Amino acid sequence: MDALKERIKAEGKLLGEDILKVDSFINHQVDVELMEAIGRDIAEHFQGQGVTKIFTIESSGIAPAVFAARYMGVPLVILKKRSSKTLSQNLWQTEVISYTKDVSYELTLSKDYISDQDHILIVDDFLANGEAATGALRLIRKAHATVAGLAVLIEKVYQPGRAKLEEQGVAVYAQTRISHCGEHEIVFAE
């Protein structure tokens, strides 16, 4: 997606060679118009594939997932990174290791929001090692639901996420693909 690529070029900041900071338009301050265009693009890509729900992991995937769900006319379910007093029973959970934060957390889904009849699209901001998406996939499969695919805003093609997910039969749609990051440059894949 050209608009996303241009924003990354203009405002993306490299922290070392592996971390791309996009907090000025995706995950701290949110460009709502860009997220709407991204959500519409995701909905168009997965149109006609029988998606019944969209799942995302709190919090950076929420904005594009909201718009994708709106354009597809399906509910959005937000997978939580921890339980709470209101989310403590009748749960599916799995451990996930965060690439950017280098910590693990219990990815949590209420059993009330998934059934074996669901065909789910996962939406996330980044695809690097594929840990978050694999965790979401484990929860979906525990409930005997199916997966339509994974839509990500930014894929780091030099990391193993896509291969890991495709080996599990998951179709990956990346709106922007980065072939590598140097200390001062971002190189996009064609």
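Would you check if TYR158 is aromatic (Phe, Trp, Tyr) and at pLDDT 95 or above? Lay out the reasoning, then the answer.
Numbers: aromatic (Phe, Trp, Tyr): yes; at pLDDT 95 or above: no.
It is false that TYR158 is aromatic (Phe, Trp, Tyr) and at pLDDT 95 or above.
The set of residues in the stretch 39-77 being touching a Pro at 6+ places or on another chain (Cβ under 9 Å) and within 11 Å of VAL123 (Cα to Cα) consists of GLY39, ILE42, LYS53, ILE54, THR56, ALA69. Looking for something of a type in the set (S, T, N, Q) and not in a helix (DSSP H, G or I) - is there at least one such residue anywhere in the stretch 131-140? Looking for residues that are of a type in the set (S, T, N, Q) and not in a helix (DSSP H, G or I), one finds none in the stretch 131-140, hence no. Scanning the stretch 114-151 for residues that are open to solvent by 50 Å² or more (accessible area, probe 1.4 Å) and in contact (Cβ under 8 Å) with a residue 60 or more places away in the chain yields a count of 1.
For the stretch 152-190, a residue qualifies if it is aliphatic (A, V, I, L, M), assigned to a loop (DSSP other than H, G, I, E, B) and open to solvent by 30 Å² or more (accessible area, probe 1.4 Å), and the qualifying residues are VAL157, ALA171. Every condition in (1) assigned to a loop (DSSP other than H, G, I, E, B); (2) hydrophobic (A, V, I, L, M, F, W, C); (3) free of Cβ contacts under 8 Å to residues at least 40 places away in the same chain is met by VAL51 except one, and the failing one is (3).
The values are calculated or read from the model by the stated rules, or taken from the named source; none is laboratory data. Here the structure is a predicted model, which is why all the values come from computation and not from measurement. Backbone-built Cβ (ideal geometry, glycine too); neighbour counts: all protein chains shown. Quick note on the areas: whole protein, heavy atoms, side chains included, nothing else; ligands and nucleic acids left out. Shrake-Rupley method; radii C 1.70, N 1.55, O 1.52, S 1.80 Å.
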